[in-house]
Amino acid sequence: MIALSLAEIAAVVGGQTHDIPDTSVTVTGPVVRDSREVVPGALFVAFSGERADGHDFAEAVVATGAVAVLATRPVGVPAIVVDDVQSALGALARHVVERLGATLVGLTGSAGKTSTKDLIAQVLGGKAPTVFTPGSLNNEIGLPLTALSATEETKFLVLEMGARGIGHIRYLAGLTPPKVGLVLNVGSAHIGEFGGREQIAQAKGELVEALPPAEEGGVAVLNADDPLVRAMASRTRAKVVLFGESAEADVRAENVRLTDSGQPAFRLHTPSGASDVTMRLYGEHHVSNALAAAAVAHELGMSANEIATALSEAGSLSRWRMEVTERPDGVTIVNDAYNANPESMRAALKALAAMGKGRRTWAVLGKMAELGDEALAEHDAVGRLAVRLNVSKLVAVGGIEASWLQLGAYNEGSWGEESVHVSDAQAAIDLLRSELRPGDVVLVKASRSVGLESVAQTLASAGTEGEVAAR
């Protein structure tokens, strides 16, 4: 964070200082909510949660080196006391970004936010110091904490914005007002909570409504291939830039293909030139993510050649998202278990099919959460797609939603031993340990609540101790 005295922070957040002998003392370290992340000079934010109360760690964090605690009550050590810690954190973030000279890039969408954010960060990071959301910390706590990690040297601040309802993105954009706003897509993720795709589009479009007008540098980057996103052009005063495979897109891809290993390659076209890209990531769905990143970077002054080089060199920065492990015994594990929705599930299955040409493929899948009335149909459709893509083996893991996956595969023609329904992650591990053989490719994917990352991690660490039969 930029250096601020405790007196300045107290004034910004409307708090009262307690047990602070000298309010001119400066916070020079990060703002953190996890006591394990405290370093000398830090400000510790004491949230009260279901499992732990940050106030209980106040004495320990100050002993570790925290300058003070942002709290809702006096804690016996230097503290700034406020009525609501979350609101105070947001106010502090707003103050800091207003002091910065950085360009703020906000992005949202139903699928691909984190992968795209990581691409944007790597592309812009080659141009100038860039701070970006770690992992998927894209809510009302994670976003301000990310913004507060910026310093005077930061030139680009890339912030992922999530939403679980109308008004959420409007709130986040109010904390960290973006100059560039990117909307990736409107899909089925959280459709049960929102109540429909139109409501999701309404929520996601709050980002472009928050942008400054074109004459003040505002830029709305929209997906030309998604009608609900493209329609958001009418909701913004900012300059509109379209990306996609559509001929009308300002930044588009041509000659899209997958390498033999399942990595996308294409010809990138921008208003200032064209260049070839071959990505290190896996799956054709990353083409759209790459185009979104390219559109942002082009608007911020990068050439087509610079962007193409950066995209070709970019890797995955966030765990459990098409994370590929090649085992010594020839088995390939694809850990995409961080989350799942119908769009990302389809993309992952297509990537599996591309990666597994000439090899035996396994799709280890669990439920997709928060689909509401569409849950049965969407799980059935994914099971059917696995069969249509000639996935060799489908292992559906978990409760009723997993049974719908397996039933969809069965009804599509997957009889016999081509698909199976198992009760839990351990059952899937036991099955795969006994059945995998060298050369197999295994995709593991489900909503985060299912916890299938344990399957991928266990299988990825096997293969060197005779656990897998060489058959």
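Would you check if there is a residue in segment 134-154 being open to solvent by 20 Å² or more (accessible area, probe 1.4 Å), among the charged types (D, E, K, R) and assigned to a helix (DSSP H, G or I)?
Keep residues of segment 134-154 that are open to solvent by 20 Å² or more (accessible area, probe 1.4 Å), which gives 134-141, 145, 149, 151-153.
In the following step, the residues that additionally are among the charged types (D, E, K, R) were identified as 140, 152-153.
The next check asks that each one be assigned to a helix (DSSP H, G or I); those that pass are none.
Checked segment 134-154: no residue is open to solvent by 20 Å² or more (accessible area, probe 1.4 Å), among the charged types (D, E, K, R) and assigned to a helix (DSSP H, G or I).
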Output the residues belonging to segment 297-329 that are of a type in the set (Gly, Ala, Ser) and either in contact with a Phe, Trp or Tyr (Cβ under 7 Å, 6 or more places away or on another chain) or open to solvent by 30 Å² or more (accessible area, probe 1.4 Å) (or both).
Gly301, Ser303, Ser312, Ser316
Restrict the check to segment 422-433 and report whether at least one residue is acidic (Asp, Glu), in a helix (DSSP H, G or I) and either touching a strand residue (DSSP E or B) at 6+ places or on another chain (Cβ under 9 Å) or closer than 26 Å to Tyr282 by Cβ (or both).
yes
Just to verify a result, which residue in segment 71-85, among those that are assigned to a strand (DSSP E or B) and out of contact with any Leu (no Cβ under 6 Å at 6 or more places or on another chain), is surrounded by the fewest Cβ atoms within 10 Å (Cβ to Cβ)?
Val81
Which fully enclosed helices (runs of 4 or more DSSP H) of segment 190-290 have 3 or more residues being free of Cβ contacts under 8 Å to residues at least 40 places away in the same chain and surrounded by fewer than 21 Cβ atoms within 10 Å (Cβ to Cβ)?
197-204
When the residues of segment 49-66 are filtered to those that are open to solvent by less than 80 Å² (accessible area, probe 1.4 Å) and over 14 Å from Val38 (Cβ atoms), which remaining residue is modelled with the lowest pLDDT?
Gly49
For segment 26-39, name all the residues that are open to solvent by less than 60 Å² (accessible area, probe 1.4 Å) and not in a strand (DSSP E or B).
Gly29, Pro30, Asp34, Ser35, Val38
Taking the stated definitions as given, is Leu407 assigned to a helix (DSSP H, G or I), closer than 24 Å to Ser261 by Cβ and of a type in the set (A, V, I, L, M)?
no
Of the residues in segment 425-450 that are touching a Gly at 6+ places or on another chain (Cβ under 6 Å) and under 21 Å from Arg359 (Cα atoms), the one that is least open to solvent (accessible area, probe 1.4 Å) is Val441
Among the residues of segment 155-189, how many are under 16 Å from Lys204 (Cβ atoms), among the hydroxyl-bearing types (Ser, Thr, Tyr) and open to solvent by less than 30 Å² (accessible area, probe 1.4 Å)?
1
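Are any residues in segment 324-348 of a type in the set (A, V, I, L, M) and at pLDDT below 95, and if so, which ones?
Val324, Ala337, Ala340, Met345, Ala347, Ala348 - these are the residues of segment 324-348 that are of a type in the set (A, V, I, L, M) and at pLDDT below 95.
The values are calculated or read from the model by the stated rules, or taken from the named source; none is laboratory data. Here the structure is a predicted model, which means the values were calculated and not measured. No Cβ is skipped: glycine too gets one built from the backbone with ideal geometry, and neighbour counts run over all protein chains shown. The accessibility values were calculated without ligands, DNA or RNA, using every heavy atom of the protein model including side chains. Shrake-Rupley method; radii C 1.70, N 1.55, O 1.52, S 1.80 Å.
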